[in-house]
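Engineer: The structure under discussion is supplied below as structure tokens; questions concerning it will follow.
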Amino acid sequence: MYKIVLENVNNTHEYEELVKIFLRPEEYDVSMDGDTEGADLVVRNRGDKNIAKKEIYEALRELTGKSPAWGIVTGIRPVKMTGEIVRRYEEEGNHSAYKNAREKLLSYYCISEEKADLALEMYRLQQKIFGRPPERSVGIYIDIPFCPTRCLYCSFASNQTDYSETLRYMKALYREMEYVSAEMKKKGWYAESIYIGGGTPSTLHEEDLAEFLNFVRDNYLSDGTKEFTVEMGRPDTIDLGKLAAAKKAGAGRISINPQTMKDETLELIGRQHDSAAIRQAFAQADEAEIGIINADVIAGLPGETVSDFRETLKKVEELGPENITVHSLAVKRASKLVDIDSEFHYRQGRVVTEMLDNARAFLHEKGYRPYYLYRQKHMSGAQENTGYAKPGTEGLYNTRIMEEAQTIIAMGASGMTKVYFPEENRLERVPNVSNYEIYIDRLDEMINRKKEGLFNAY
Ligand code: SF4
């Protein structure tokens, strides 16, 4: 047991997040202002928590021989953090803002050269292609929290219910969407991007999906809208009729998420389809001329080797998606995987790192470039999820949600609205409940939360 005592801190949470990257829960004990007798490490916060974290990082690197690539950074948005450092230097009139930011990422945050360059490159690219969000623009997110089955690693609000329940949910959702649309018009706000996620929105039957997407088009799409995305993650929910409905409603992007092209793994993770169904879904999307397709894959799935993952990437790339998002498996508390093997992500760390390195090189060679990334807790190897895109097809919504410099209005169960106050560069969260039945029952309260926390807030 490695005993760490923290002094002059309010809580241990952020420090513990760092310790967890090095050690398993049963291998350490972190306490604050406690008895230092027998402590392996005593760290005092002298006014800068990052310096205290650096002390921990260096001690644990020495102890374990590990050098986590994101250094002392435990937050999920390292590109946003990088952008803030660059901007601060620029505001001070510093002509070497990027160079100095890089030095700070390396020496102060202990980030590896590779990750520091990646974060800087992404920030530069995002500024070049999207810039700062226009005034009065917002992002729109709408959640359809139903899927045909629950994937082994899923930690989202994904329900498997009778279709009558889905329709009951949609009825409530329409009321929230109507309210938000009317209030946005009063405010003069418009949707810069629209993202329909979940769950799997394409679990809706064709006529219901068409009606819903047409409603979104009629109420939220405007001349200022640059992007309209519909997740159709599960190939077994896709058909030509639904794809045509999405296109007719104005959606220019969809997501089809294979996760792996290995049939045994698809079965293991709880999918009811094989890789042939994935190929068919891509062929249908091509036939429907949908525009831009994103494909998600996961590095570190149970039983998969580096060469399995390489094979998946190769096969997915051959399907021709404009975007490929490479996830590192995260074993979250709400997933079934955590019950089966809670330490899975600790063991997979090295394998996942190798998979991600392979992915970067392969996708670069195929003309994709990384444009956004985020991290999650409990990720294998404390790595990241990275969105790659063919130049000119980068996703605006994905970038804005990570940048946190624009209000995102989220509707439906588990929707987390984020209200951005530009003068203070501050976000306020206005959550909806995540259980869809409670959402239906307490819809008036959800609408009222938006009224108070969003529309009356500024
Ligand atoms: S498709 Fe996504 S939301 Fe649905 S069960 Fe799988 S991981 Fe969860």
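Engineer: Out of THR393, THR399, which single residue is in the same structural domain as VAL230 (by TED's automatic domain parsing) and part of a helix (DSSP H, G or I)?
Structural biologist: THR399
Engineer: I've got another one for you. Can you tell me which residue among THR203, THR237 is assigned by TED's automatic domain parsing to the domain that holds GLU178, buried (at least 24 other Cβ atoms within 10 Å of the Cβ), within 16 Å of the ligand (Cβ to nearest atom) and among the polar types (S, T, N, Q)?
Structural biologist: Going through THR203, THR237 in turn, the sole match is THR203.
Engineer: So, one more: Of all residues in segment 247-260, which are outside any loop (DSSP other than H, G, I, E, B) and within 23 Å of the chain's Cα centre (by Cα)?
Structural biologist: Within segment 247-260, ARG253, ILE254, SER255, GLN259 meet the criteria.
Engineer: Oh, and also: For the list (1) within 30 Å of ARG87 (Cα to Cα); (2) out of contact with any Pro (no Cβ under 7 Å at 6 or more places or on another chain); (3) crowded, with 18+ Cβ neighbours inside 10 Å, I need the number of the one condition that PHE146 fails.
Structural biologist: (1)
Engineer: Is it true that GLU192 is outside any helix (DSSP H, G or I), away from the ligand (no atom under 16 Å from the Cβ), in the same structural domain as ASP236 (by TED's automatic domain parsing) and within 25 Å of the chain's Cα centre (by Cα)?
Structural biologist: Criteria met by GLU192.
Engineer: Here's a follow-up. ALA119 fails exactly one of the following numbered conditions: (1) part of a helix (DSSP H, G or I); (2) within 24 Å of the chain's Cα centre (by Cα); (3) aliphatic (A, V, I, L, M); (4) surrounded by fewer than 22 Cβ atoms within 10 Å (Cβ to Cβ). What is the number of that condition?
Structural biologist: The one condition ALA119 does not meet is (4).
Engineer: Ok, one more. Considering VAL43, VAL5, VAL30, which residue is out of contact with any helix residue (DSSP H, G or I) (no Cβ under 9 Å at 6 or more places or on another chain) and part of a strand (DSSP E or B)?
Structural biologist: Just a single option satisfies the conditions, and that option is VAL5.
Engineer: Still on this structure, I have one more. Do any helices (runs of 4 or more DSSP H) lying entirely in segment 288-372 carry at least 1 residues that are within 17 Å of ASN257 (Cα to Cα) and modelled with pLDDT of 95 or more, and which ones are they?
Structural biologist: Result: 306-318, 344-365.
Engineer: Now for a separate question. Assigned by TED's automatic domain parsing to the domain that holds VAL230, assigned to a loop (DSSP other than H, G, I, E, B) and over 28 Å from ASN50 (Cα atoms) - does that describe any residue in segment 170-186?
Structural biologist: So in segment 170-186, the residues assigned by TED's automatic domain parsing to the domain that holds VAL230 come out as 170-186.
Within this subset, residues satisfying the condition of being assigned to a loop (DSSP other than H, G, I, E, B) are none.
No: segment 170-186 contains no residue that is assigned by TED's automatic domain parsing to the domain that holds VAL230, assigned to a loop (DSSP other than H, G, I, E, B) and over 28 Å from ASN50 (Cα atoms).
Engineer: Go over the candidates LEU443, LEU396 one by one and state the one that is of a type outside the set (Asp, Glu) and over 28 Å from ILE254 (Cα atoms).
Structural biologist: LEU443
Engineer: Further question: From the list ILE269, ILE278, pick out the single residue that is within 16 Å of the ligand (Cβ to nearest atom) and closer than 22 Å to SER414 by Cβ.
Structural biologist: ILE269
Engineer: Give the residues of segment 71-84 that are surrounded by fewer than 22 Cβ atoms within 10 Å (Cβ to Cβ) and modelled with pLDDT of 90 or more, sorted by residue number.
Structural biologist: ARG77, LYS80, MET81, GLU84
Engineer: Restrict the check to segment 364-380 and report whether at least one residue is free of Cβ contacts under 8 Å to residues at least 12 places away in the same chain, over 17 Å from the mean Cα position of the chain (by Cα) and over 17 Å from SER255 (Cα atoms).
Structural biologist: Within segment 364-380 (the criterion being free of Cβ contacts under 8 Å to residues at least 12 places away in the same chain, over 17 Å from the mean Cα position of the chain (by Cα) and over 17 Å from SER255 (Cα atoms)), the answer is yes, since at least one residue qualifies.
Engineer: Can I ask one more? Being within 16 Å of the ligand (Cβ to nearest atom), of a type outside the set (Asp, Glu) and in contact with a helix residue (DSSP H, G or I) (Cβ under 9 Å, 6 or more places away or on another chain), is that true of even one residue in segment 224-231?
Structural biologist: First, the residues of segment 224-231 that are within 16 Å of the ligand (Cβ to nearest atom): 229-231.
Checking the rest, the ones that are also of a type outside the set (Asp, Glu) come to 229-230.
Then drop every residue that is not in contact with a helix residue (DSSP H, G or I) (Cβ under 9 Å, 6 or more places away or on another chain), which leaves 229-230.
Scanning segment 224-231, I find at least one residue that is within 16 Å of the ligand (Cβ to nearest atom), of a type outside the set (Asp, Glu) and in contact with a helix residue (DSSP H, G or I) (Cβ under 9 Å, 6 or more places away or on another chain), so the answer is yes.
Engineer: Within segment 100-112, can one find any residue that is within 16 Å of the ligand (Cβ to nearest atom) and either of a type outside the set (Val, Ile, Thr) or loosely packed, with under 14 Cβ neighbours inside 10 Å (or both)?
Structural biologist: no
Engineer: Here is a follow-up. Determine which single condition LYS390 fails, assuming it passes every other condition in (1) out of contact with any strand residue (DSSP E or B) (no Cβ under 9 Å at 6 or more places or on another chain); (2) under 30 Å from VAL352 (Cβ atoms).
Structural biologist: LYS390 satisfies every listed condition except (1).
Engineer: Checking the structure you have, find out if any residue of segment 401-414 is surrounded by fewer than 19 Cβ atoms within 10 Å (Cβ to Cβ), over 24 Å from ALA172 (Cβ atoms) and over 18 Å from the mean Cα position of the chain (by Cα).
Structural biologist: No - not one qualifying residue is present in segment 401-414.
Engineer: Yes or no: ASN94 assigned to a loop (DSSP other than H, G, I, E, B) and either over 25 Å from VAL352 (Cα atoms) or in the same structural domain as LEU18 (by TED's automatic domain parsing) (or both)?
Structural biologist: Values: assigned to a loop (DSSP other than H, G, I, E, B): yes; either over 25 Å from VAL352 (Cα atoms) or in the same structural domain as LEU18 (by TED's automatic domain parsing) (or both): yes.
Judged against the criteria, ASN94 is a match.
The values are calculated or read from the model by the stated rules, or taken from the named source; none is laboratory data. As the structure is a prediction and not an experimental result, all values here were calculated from the model. Methodologically, a virtual Cβ is constructed for each residue, glycine included, from the backbone with ideal geometry; neighbour enumeration extends over all protein chains shown.
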